[in-house]
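Data block below; observations after.
The values are calculated or read from the model by the stated rules, or taken from the named source; none is laboratory data. Predicted, not measured: the structure shown is a model, and the values here were computed from it. Positions of Cβ are generated from backbone atoms using ideal geometry, with glycine treated the same way; all protein chains shown enter the neighbour counts.
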Amino acid sequence: MTDTQPKAILVLGASGKTGRRVTERLAVAGFPARAASRSGETRFDWEDEATWAPALAGVDAVYITYYPDLAFPGAADTVGAFADMAVANGVRRLVLLSGRGEEAARQAEVRVEKSGADWTIVRCAFFNQNFSEVFVDAVRYGALAMPCGDTAEAFLDANDIADVVFAALTDDRHIGQLYELTGPRLLTLTEAAAELSAAMGREVQYLPVTSEEYAAELVTYGLSQEEAAGISQLFAEVFDGRNSYLTNGVQRALGRPPRDFADFARDTAATGVWNLEGTADGTDDV
């Protein structure tokens, strides 16, 4: 822990999977966290630069998450402009959430590294929590349709990400570090579905689909055509085998191993989030 507590720590995307977990950890530890989002009390919108300076006022450190993804066109320039503004406003530390295997994301990483701030890059794999916070209905009804083929992925728990980000925001030992985070083992989507099935006590199937079919499905969840197409294409790219290896990022940052997908599936199933409507245990009423 640093000797001097920050004036405030700004968390962008504070309602998201990692943002809200980071905000909670800062609050519990007594750090003055400022939660920012497009609809929050502290408003921040990547598409509205007028919201940036007010969010940065009195801030000493920032956790940067970019929506919809750093792989999208123009993301690096936008993140770079924000990083430059942050430093000009007295921010001394920037922690960037980046995407593993995303070549375009590296451009945003470089912009943060060259901003003049103390920086940490947290480069992440596919989140476990996508299954409980994004694809929850697909898991609940046993049909997980994605354009990922049979490629193995090192699924990563969002709580591990939040622990690493919290450490990077509050401990000088992480300055200048690039942490590439993965879970402890590789799983195909078929194997992940089997883990979910075992945890839930009923079958979940992985159904490979084309990028076009997946984009059409994302539109039904409220994404724009452009966002859906971009995310679908990104999935197809990063599931081409480039990420089918493990790293020691969590161990290096925290001194402990990452959480296993089976533990995530078991604990999440116990919350009832995947239960079928009208049942207590996830089975059909008879």
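Some notes on this structure:
- Residues within the stretch 107-140 that are among the β-branched types (Val, Ile, Thr), surrounded by fewer than 20 Cβ atoms within 10 Å (Cβ to Cβ) and within 19 Å of residue 274 (Cα to Cα), tallied: 2
- The stretch 13-47, residues that are surrounded by 18 or more Cβ atoms within 10 Å (Cβ to Cβ), not in a loop (DSSP other than H, G, I, E, B) and not polar (S, T, N, Q): 19, 21, 22, 25, 26, 33, 34, 35, 36
- Against the numbered list (1) surrounded by fewer than 21 Cβ atoms within 10 Å (Cβ to Cβ); (2) farther than 21 Å from residue 259 by Cβ, residue 214 comes up short only at (1).
- Residue in the stretch 219-245 that is nearest to residue 150 (Cα to Cα), counting only those that are of a type in the set (A, V, I, L, M, F, W, C) and over 18 Å from the mean Cα position of the chain (by Cα): 229
- Here residue 67 clears all of (1) touching a Ser or Thr at 6+ places or on another chain (Cβ under 7 Å); (2) of a type in the set (Phe, Trp, Tyr); (3) modelled with pLDDT under 95 except the condition numbered (1).
- Only one entry in 150, 160 is in contact (Cβ under 8 Å) with a residue 40 or more places away in the chain, over 19 Å from residue 272 (Cα atoms) and assigned to a helix (DSSP H, G or I), namely 160.
- Test: residue 55 is in contact with a helix residue (DSSP H, G or I) (Cβ under 9 Å, 6 or more places away or on another chain), buried (at least 17 other Cβ atoms within 10 Å of the Cβ) and among the aliphatic types (A, V, I, L, M): no
- Applying the condition of being touching a helix residue (DSSP H, G or I) at 6+ places or on another chain (Cβ under 6 Å) and buried (at least 20 other Cβ atoms within 10 Å of the Cβ) to the stretch 232-258 and asking which residue is modelled with the lowest pLDDT yields 232.
- Filter pass, residue 264 being under 17 Å from residue 127 (Cα atoms), in a helix (DSSP H, G or I) and touching a Cys at 6+ places or on another chain (Cβ under 7 Å): no
- The set of residues in the stretch 170-221 being more than 30 Å from residue 116 (Cα to Cα) and among the aromatic types (Phe, Trp, Tyr) consists of 206, 214, 221.
- Single residue of the stretch 84-106 satisfying the filter (farther than 20 Å from residue 171 by Cα and at pLDDT 95 or above) that is surrounded by the fewest Cβ atoms within 10 Å (Cβ to Cβ): 88
- Near pairs, Cβ below 6 angstrom, 6+ apart or cross-chain, from the stretch 73-88 (over 23 Å from residue 231 (Cβ atoms) and touching a residue at least 24 places away in the same chain (Cβ under 8 Å)) to any residue that is in a helix (DSSP H, G or I) and of a type in the set (A, V, I, L, M): 83/112; 86/56
- Any hit, the stretch 169-186, residues being more than 20 Å from the chain's Cα centre (by Cα), buried (at least 19 other Cβ atoms within 10 Å of the Cβ), under 30 Å from residue 270 (Cβ atoms) and modelled with pLDDT of 95 or more: no
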